[in-house]
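Data block below; observations after.
The values are calculated or read from the model by the stated rules, or taken from the named source; none is laboratory data. Predicted model only: the values in this text are computed from it and were never measured. Because the Cβ atoms are built from the backbone with ideal geometry, glycine has one as well, and the counts that use them run over all protein chains shown. To get the accessible areas, we keep the full protein, side chains included, count just its heavy atoms, and leave off ligands, DNA and RNA. Shrake-Rupley method; radii C 1.70, N 1.55, O 1.52, S 1.80 Å.
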Amino acid sequence: MNDYLDYIEYGKRAELIVRTPKGTVRFYCAINDIKEDCIILSEPRNKHIKFNANSGQNLELYTYTRGGIFKLYCRLLKFEEKQCILSLPIKIDRIQRREYIRVRMQIDTVIKLSFPPNTTIRTKSKNISAKGINLNLYQDISKSPKIELSLVFPEQTINTSAKIVKVKQVETDGMNCYNTSLEFISIKDKEINFIVKKCFEFEAAQRRKMLENEI
């Protein structure tokens, strides 16, 4: 149960989920320390609302590590001096063995190939993480020695070189295509952080829809 301790990096961004009668609220924070009887977080932040939870309330802490995503079920012990003190986890789920969460988010994508020369493909992602993207393409791009990507978000465009992880021929909507996974190889840290943020926001919106449908 405590294998998550082998992967925790202090100061790295984490996500705290507070469930209220009015809905689920997501806060961002960092794990400052883990002691024998508690977890110490930085002040949980959300640009729309201040952190407000009662002592003893059950919370969920998501940590994104090189060993996967760990979901820790904890209780709030106290919140003071801009620090949030949680109990050690009552339960732990290991959700995904990736350092960065991957979501089924469609992003406008422009692919430029060196072979065939001057080839440009405009498409949408099938899913995306901060380190790579998956797409369905109508041509096999694995023979191109150089691949450049532009990820067109509403707020900004991210440009990066990419390399092929895998290409698999599949059928979708009655047509043959190539399911293609690419890894970003020249992306900057601030751009990684931006994609992580967008993935978090997308997942939060999907969870809200699920909760609304359950009511």
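The table below gives the values:
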| read-out | value |
| --- | --- |
| ARG13 accessible area, assembled protein chains, probe 1.4 Å, Å² | 90 |
| Cβ-derived FRET efficiency at R0 35 Å, ILE185 paired with ARG19, nearest 0.05 | 0.35 |
| More than 16 angstrom apart: percent of Cα pairs within segment 50-92 | 40 |
| Size of segment 64-211 as Cα extents on the principal axes (Å, biggest first) | 61, 33, 27 |
| Solvent exposure of the chain as accessible area per residue, Å², 1.4 Å probe | 59 |
| Largest-first principal axis extents of the Cα set of segment 16-69 (Å) | 33, 24, 17 |
| Full-extension gain in nm, GLU80 to SER142, via 0.36 nm per residue minus C-alpha separation | 16.9 nm |
| Cα coordinate range in segment 47-146, projected on the principal axes (Å, largest first) | 62, 29, 20 |
| Efficiency of FRET between ARG104 and TYR73 - r from beta-carbon atoms, R0 30 angstrom, step 0.05 | 0.75 |
| Gain upon complete extension [GLN156, LYS124; 0.36 nm per residue less C-alpha separation] | 10.0 nm |
| Estimated D of segment 149-215 in µm² per second, where Rh is the Kirkwood radius over Cα pairs and Stokes-Einstein applies at 4 °C, 1.567 mPa s | 88 |
| When segment 1-93 is reduced to its Cα atoms, the Kirkwood hydrodynamic radius in Å | 13.2 |
| Estimated vicinal HN-Hα couplings, Hz - segment 171-178 in sequence order (Karplus 6.51, -1.76, 1.60; Gly, Pro = x) | 10, 9, 6, x, 10, 6, 8, 10 |
| Greater than 23 Å apart at Cα, pairs in LYS50/LYS197; LYS12/LYS124; LYS12/LYS198; LYS22/LYS209; LYS12/LYS35; LYS124/LYS146 | LYS12/LYS124 |
| At R0 = 35 Å, FRET efficiency that the Cβ-Cβ distance of VAL167 and ILE40 yields, to 0.05 | 0.15 |
| Positive-end extreme of charge dipole, the chain - chosen from ALA205, ALA30, SER114 (charges on Cβ) | SER114 |
| Farthest positive-ward along the chain dipole, Cα basis, beta-carbon charges - from GLN139, ILE128, PHE70 | GLN139 |
| Length gained when the stretch LYS209-ASP6 is fully extended (0.36 nm per residue, less Cα-Cα span) | 69.7 nm |
